[in-house]
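Novice: Okay, here's the structure, questions in a sec.
The values are calculated or read from the model by the stated rules, or taken from the named source; none is laboratory data. Because the structure is a prediction, the values reported are computed rather than measured. With ideal geometry, Cβ positions are generated from the backbone for all residues, glycine too; neighbour counts draw on all protein chains shown. With ligands, DNA and RNA removed, areas are computed over all heavy atoms of the protein, side chains included. Shrake-Rupley method; radii C 1.70, N 1.55, O 1.52, S 1.80 Å.
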There are 2 protein chains.
Amino acid sequence: MSVMEQSHRGKRFIAMAARTEADLRELAAIPDDYAVLFLQGGATQHFAQIPMNLAGEGDGADYIVNGHWGAKAASEAAPYVRVNVAADSKADDYRRLPPRAEWKLDPRAAYVHYTPNETIHGVQHHDIPDVGEVPLVADMSSDILSAPLDVRRYGLIYAGAQKNIGPSGLVLMIVRRDLLARATRPMAKIFRYAEQAANDSMLNTPNTWGWYLAGLTFQWLKAQGGLAAMAERNRVKAERLYAAIDGSGGYYRNAIDLAARSRMNVPFTLHDNALDAPFLAESEAAGLIALKGHKALGGMRASLYNAVPLEAVDALVAFMRDFAARHG
Amino acid sequence: MSVMEQSHRGKRFIAMAARTEADLRELAAIPDDYAVLFLQGGATQHFAQIPMNLAGEGDGADYIVNGHWGAKAASEAAPYVRVNVAADSKADDYRRLPPRAEWKLDPRAAYVHYTPNETIHGVQHHDIPDVGEVPLVADMSSDILSAPLDVRRYGLIYAGAQKNIGPSGLVLMIVRRDLLARATRPMAKIFRYAEQAANDSMLNTPNTWGWYLAGLTFQWLKAQGGLAAMAERNRVKAERLYAAIDGSGGYYRNAIDLAARSRMNVPFTLHDNALDAPFLAESEAAGLIALKGHKALGGMRASLYNAVPLEAVDALVAFMRDFAARHG
């Protein structure tokens, strides 16, 4: 009987769920005073649910916007909290991070929200920003479990599953338990993280298949040597690809500030965009798929999520050199 | 490459989604002025989202409560709409439906909500109630696609996928398009059905695996002869099981009003509850699993969803006769 046919109230599912949480707690060294939730709705829904839960009516929250998703998080939060965009690198086309010294944080903010890795723009925070006593909220949809997590530095971490965890339709959340008491405004129980925490994320039927696959991913990550091993592997993967771009004499280009380059998503352009179509056609024919950049940016994007092996990066680099040689 | 690895923005996924919607429209004869949505959050989340979308601030809505889920729908709606429980059969332990003549409907209600089939209590409406011009909203989580749908009689139909459609984590919604304009209160875009309709249910990454499996189910239903054929099969399945219960001389009992007996969920008790444990152990050993009743009711429950073949019902009936003969 498949996990999809089993009741989430049954012993086998409950045991699977408990093992999955235990594996994640071990992998990411999650302290006991943090709850782990397996939710639905995608990260986008939680752009709205986070202020519903973490901010009282009339409260403000600080948003650091360093790419598409951070801007969207601020926009979806606006019906529920007074959004203060404390820093924004849009004027730089999100090619660098807003320098920490320029962030206009409000010490009375309910929380500070940021996006450690921006999937579309290919920028990443390589250090956790210090925001004092205000809880730091991180949308880690595209870099969770790609490196060790220092959970104590955050009030709430959340991530859509579909990059580094499992299939879409599942959201992983790690939240400091004391913050759960903040949800005092009227809302349905199903939106209250405290209720989900009290019910082991089974206030209603969860995404059982997604949860099960997340568990298999956590086991795989443990077998790979854990998050430190993944971080090292991801560092090497990214370095090889950036080296190929930077060493191409301008044939390929990545415009992101060196200190903010993402290890998960590497956008790049060709020196002549007339070459985009043949690059995409030939790379796909060579088994290198989904390299087309986001429509907002054009060009190419290579995503180097945990599941991408070093061999795939080497194959891409070899293809890029060959393509440049052939197309001159 | 599995559907789980594909982008929901890719041609193959978009084509699959379009075919799935077309198959459903054909199966259930859905008129063009109804949108079909594939959402997340389970039916429980939509207990809250429906009033957010269909009722203005200050509006009232009528709720018909004929079981556990209808009561929960009313409770989760309460933060968003003035809930009027227009009929409630709790005083009868939900063993019958509240007679239509006794419903205290408000002609100014934003909508009338009811639960055509109650999974736990095993009661089912076999006729669509006439509620005049007020839009009728139906939570069909446990009986959708079990019989032909007269979509025009409803304003909004919704169903968690995990009974008759596919894996959990997906909600199917069929909604009259003109009702989508009612969502005027402040809320995040992700909660607005109109936005999901305008974006083909891809305002954010959907549950791609659930959607794909729903599509396979719709194809299977077409191959079975469609919903009329399913209805006939479900009628025969239910009749055989109720006949075995009613013909057992009181060894097995189902206390539901004959006119309201569900064709999807058949709760029954043994004449002596000391027999429950051996019944469950022996039935499981015979390959008849998950017969334990909901904890709120005790006893047994056989669910006869579309995926249950007639042979499974015959095997259960044979086991029940054999058990009664052996345990006397």
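Novice: Let me confirm something: among A:R263, A:R326, which residue is away from chain B (no Cβ under 14 Å), surrounded by fewer than 16 Cβ atoms within 10 Å (Cβ to Cβ) and in contact with a helix residue (DSSP H, G or I) (Cβ under 9 Å, 6 or more places away or on another chain)?
Specialist: Just one listed residue meets the conditions, A:R326.
Novice: Something else about it: Please work out if B:A318 is over 23 Å from B:A159 (Cα atoms) and at pLDDT 95 or above.
Specialist: yes
Novice: For the range A:162-200, enumerate the residues that are within 10 Å of chain B (Cβ to nearest Cβ) and of a type in the set (A, V, I, L, M).
Specialist: A:L170, A:V171, A:M187, A:A188, A:I190
Novice: OK, next. Condition test on B:L203, is it open to solvent by less than 40 Å² (accessible area, probe 1.4 Å) and within 14 Å of chain A (Cβ to nearest Cβ)?
Specialist: yes
Novice: Mind listing whichever residues of the range A:177-200 are open to solvent by less than 20 Å² (accessible area, probe 1.4 Å) and over 17 Å from A:P135 (Cβ atoms)?
Specialist: The answer is A:M187, A:A188, A:I190, A:F191, A:Q196.
Yes/no per residue for (1) in contact (Cβ under 8 Å) with a residue 24 or more places away in the chain; (2) within 14 Å of another protein chain (Cβ to nearest Cβ); (3) closer than 12 Å to A:L310 by Cβ:
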| position | (1), (2), (3) |
| --- | --- |
| A:L213 | yes, yes, no |
| A:T217 | yes, yes, no |
| A:W220 | no, no, no |
| A:A228 | yes, no, no |
| A:N234 | yes, no, yes |
| A:K237 | yes, no, yes |
| A:A244 | yes, no, no |
| A:S248 | yes, no, no |
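Novice: For the range A:14-45, enumerate the residues that are assigned to a helix (DSSP H, G or I), hydrophobic (A, V, I, L, M, F, W, C) and open to solvent by less than 20 Å² (accessible area, probe 1.4 Å).
Specialist: A:M16, A:A17, A:L24, A:A28, A:A43
Novice: Checking A:G298 against (1) modelled with pLDDT of 95 or more; (2) small (G, A, S); (3) under 27 Å from the mean Cα position of the chain (by Cα): exactly one of these is not met. Which one?
Specialist: Of (1) modelled with pLDDT of 95 or more; (2) small (G, A, S); (3) under 27 Å from the mean Cα position of the chain (by Cα), only one is false for A:G298: (1).
Novice: Which of the numbered conditions does B:I128 fail, given that it passes all the others? Conditions: (1) more than 19 Å from the chain's Cα centre (by Cα); (2) of a type in the set (A, V, I, L, M); (3) open to solvent by 10 Å² or more (accessible area, probe 1.4 Å).
Specialist: Condition not satisfied by B:I128: (1).
Novice: In the set B:D257, B:D276, which member is in contact (Cβ under 8 Å) with a residue 24 or more places away in the chain, of a type outside the set (A, V, I, L, M, F, W, C) and under 22 Å from A:R9 (Cβ atoms)?
Specialist: Criteria check complete, one pass: B:D276.
Novice: Also: Assuming A:A159 fulfils every condition listed in (1) within 11 Å of chain B (Cβ to nearest Cβ); (2) within 26 Å of A:Q6 (Cβ to Cβ) apart from one, which condition is it?
Specialist: So A:A159 meets the others, but not (1).
Novice: Turning to a different aspect of this structure: Considering only residues that are among the hydrophobic types (A, V, I, L, M, F, W, C) and open to solvent by 30 Å² or more (accessible area, probe 1.4 Å), look in the range B:1-13 and name the one that is modelled with the highest pLDDT.
Specialist: Filtering the range B:1-13 for residues that are among the hydrophobic types (A, V, I, L, M, F, W, C) and open to solvent by 30 Å² or more (accessible area, probe 1.4 Å), the one modelled with the highest pLDDT comes out as B:M4.
Novice: So, one more: Taking the condition of being surrounded by 13 or more Cβ atoms within 10 Å (Cβ to Cβ) and over 28 Å from B:A231 (Cα atoms), how many residues in the range B:272-297 meet it?
Specialist: 6
Novice: Of (1) touching a strand residue (DSSP E or B) at 6+ places or on another chain (Cβ under 8 Å); (2) away from every other protein chain (no Cβ under 14 Å); (3) over 30 Å from A:L258 (Cβ atoms), A:Y154 satisfies all except one. Which?
Specialist: Against the list (1) touching a strand residue (DSSP E or B) at 6+ places or on another chain (Cβ under 8 Å); (2) away from every other protein chain (no Cβ under 14 Å); (3) over 30 Å from A:L258 (Cβ atoms), A:Y154 comes up short only on (3).
Novice: Let me ask something else about it. Kindly establish whether A:G56 is surrounded by fewer than 22 Cβ atoms within 10 Å (Cβ to Cβ), more than 21 Å from A:D200 (Cα to Cα), touching a residue at least 60 places away in the same chain (Cβ under 8 Å) and out of contact with any Leu (no Cβ under 7 Å at 6 or more places or on another chain).
Specialist: yes
Novice: Further, regarding this structure: Residues in the range A:159-176: is at least one modelled with pLDDT of 95 or more and surrounded by fewer than 20 Cβ atoms within 10 Å (Cβ to Cβ)?
Specialist: Yes, because at least one residue in the range A:159-176 is modelled with pLDDT of 95 or more and surrounded by fewer than 20 Cβ atoms within 10 Å (Cβ to Cβ).
Novice: Let me confirm something: among A:Y80, A:Y111, which residue is within 14 Å of another protein chain (Cβ to nearest Cβ) and over 18 Å from the mean Cα position of the chain (by Cα)?
Specialist: The match here is A:Y80.
Novice: Also, I was wondering about something else. If you go through the range A:206-219 one residue at a time, do you hit one that is in a loop (DSSP other than H, G, I, E, B) and surrounded by 23 or more Cβ atoms within 10 Å (Cβ to Cβ)?
Specialist: yes
Novice: Please give the number of the condition A:I50 fails out of (1) in contact (Cβ under 8 Å) with a residue 60 or more places away in the chain; (2) away from chain B (no Cβ under 14 Å).
Specialist: For A:I50, the failing item is (2).
Novice: Do you know which residues across the range A:72-99 are hydrophobic (A, V, I, L, M, F, W, C), more than 14 Å from B:A188 (Cβ to Cβ) and open to solvent by 40 Å² or more (accessible area, probe 1.4 Å)?
Specialist: Scanning the range A:72-99 gives A:V85, A:A91.
Novice: Return yes or no: is A:A29 out of contact with any strand residue (DSSP E or B) (no Cβ under 7 Å at 6 or more places or on another chain) and away from chain B (no Cβ under 14 Å)?
Specialist: Yes: the conditions hold for A:A29.
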